[in-house]
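Written below as C-alpha cells is the structure these notes are about.
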C-alpha cells in the first residue's frame, strides 16, 4: 500500500470513529452523488475523496477539528442539489465533502413573529409539508425546484418568486462553526437566550451574517428564515407580448409597479425565440434543438410570470392598477388566475405552483420529458441593469454564443426593483464529454462578454469561480484581496471550502495540496 493510500485510509478511519460508519462514504452510487452530476463520463476534476454527513453541530465541530489535525480540507454542502453550478463538487479536487443533509430538523416555526428556525438539511418540500400539516398561516417563497436546502439556497444568494423571493435577504440570525471549531451566533443570537435572534437582523457592532454567504468562511449550522403571512388571496398569471422589441416597453411598464409594491415578489420573464425560415434541425444534436426547446417554453415572444398577494380588497386594487398599466402596452395580453391563500397542490394549476409558494419539480420533469434522462445544464446568471435594452443584448448574446457551440437553452430574467438577473440554462447531453466541454466553454465566453458590459454572474459553476472572481478588478482587485485578508484571519490554512467563489488565502500555497487525498 502506498503512503498516499495509507493516509487516505487513516483519514477515513479517523472520521468514522468520530461520526460513525453510516456518516462516512468512500465509494458507491451514493458517494457519486457528491460530484458534479453533469461533468461527463471521462472527467476527473472537482471530485471528493470522502463524504461526511454529521447529524449535529457537535459532530460538525469535531469534524472540523479533526480535519485541521489531519491536514485535509472540507467542502461544505447542504443538500448538494445546486446542479447547474456543480452540485456538491468541490473547487479543489480531493476535498472531503462535509454534507449536511442529516441535519434536517425544523427547530421552530413561530407563526406570530413569522419565521422558522432551521438546520441546513431542511428542504423547501419539508418546510412546506410542516406548514400544511400544522395549518400554520405562513407562506414560503420557493425556487423552480423544491428539492434543495432552504438555507443552502439562501447562502448562495438564491432566488424564489414570492414576496420574500430574495432568499439571502430573508435570512435572520446564523449559527456558524468557524475553522478552529468555535461556535458563533450572529446578531441578537450572541445574547444568551435572546428572543430576537430570528426577528432582528443586527446586533451590536458590525452585522456579520453576509460574511458567511458565498464565502466558505464558516459552516452555517442553523439559520432563521422569514416567512410571509399566508394571504387571503393569491393571484398569479402572465403578461404576454409577441414583438421582438416588446421587452423594452414591458420592462418600462413593470419597473414602477414593482417599486410601488403593486406587482409583488420576483416576476420572471422568459424569452421564446420565434421560428425562422432557415432554422434547420441538426440531427447530430437531437434532441437538443430549438424546436424541442419551444415545447417547454411559454407562449409569446416575451412572457412575464407575476403574482399578487394579500387581502382580497388589496389584491383587487393591485389588479386594477396592473390592468390599467397593461392596457397601455400595445399588443400585450394579461391572463390572471386566483386561488385561496391556503390552496394546496391539488387545487393549483402546475404552472402556478411556484407563484403559490408550493415546492415542486415540474420544470425538471418537463425538461427531461423532452430532452431525456441524460439532460445536463450549466447556468449563466449575470446581474444586469433593469432595462429592456440590457435584456435584448443579453438574450442575443446567449443565443449567438450557444449556437456557435451547437447548444441551446432557455433565457429568463428575474426582476428586482432596480436590477435583474438573467437566468439561462445551457442544456447539453451530460453523457457526451464533448458536449460537456462545449457547455463549459460557452459559459466561459458568456462570462467574458458580460464583463465588457460591466456585469458578472451572481453565481458560477465550481470550475469557473476563479474566472468570475477575476472580473471584479477595480483598484487592482481590491475586493478579492480584502476577501483573502478575511480568509487569512479566520482560516489561514484554507481549511473550509477553499476556492469558494474564488476566495483563497492570500498565499494560496498555504491551502492543502489539491491531490493529497484523491483516491
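With contacts defined as alpha carbon pairs under 8 Å and 6 or more residues apart, what's the relative contact order of the chain in percent? Please report the intermediate quantities before stating the final value.
Details: 1099 pairs, mean separation 92.0, N = 519.
It rounds to 18 percent for the chain.
Each label was represented as a point 7 Å from its Cα along the Cα-to-Cβ direction; for residue 400 and residue 108 these points are 5.4 nm apart. Taking the DSSP beta bridges with both ends in the range 1-129, the antiparallel portion is around 45 percent.
Stretched out fully, how many nm does the piece from residue 245 to residue 466 gain, at 0.36 nm a residue minus the Cα gap? Don't jump to the answer; show the numbers that get you there.
On the way: separation 221, 0.36 × 221 = 79.56 nm, distance 3.54 nm.
Using 0.36 nm per residue and subtracting the Cα-Cα distance, I get 76.0 nm.
So if R0 is 41 Å, what FRET efficiency would residue 147 and residue 328 give, r being the distance between their Cβ atoms, rounded to the nearest 0.05? Efficiency computed from Cβ-Cβ geometry: 0.50. Listed peptides 175-181, 379-385 appear in the order 379-385, 175-181 once ranked by packing, highest mean of other Cβ atoms within 10 Å at the front.
Listed peptides 9-20, 329-340, 492-503 appear in the order 492-503, 9-20, 329-340 once ranked by packing, highest mean of other Cβ atoms within 10 Å at the front. Relative protection proxy for 467-479, 411-423, from highest mean packing down: 411-423, 467-479 (other beta-carbon atoms within 10 angstrom). Between the range 29-96 and the range 201-218, the alpha-carbon centres lie 23 Å apart. Rounded to the nearest 5, the antiparallel percentage of DSSP beta bridges internal to the chain is 90%.
Please report the antiparallel percentage of DSSP beta bridges with both residues in the range 106-229, rounded to the nearest 5. Could the numbers behind the result be given before it?
Details: 20 of 20 bridges.
Here the share of antiparallel DSSP bridges comes out near 100 percent.
Centre-to-centre separation between the Cα atoms of the range 362-419 and those of the range 432-462: 12 Å.
No lab work stands behind these numbers, since they all come straight from the coordinates. Bear in mind the structure is a predicted one, so any value in this text is a computation, not a measurement. When we count neighbours, we look across all protein chains shown, and the Cβ atoms used for this are built from the backbone with ideal geometry, even at glycine.
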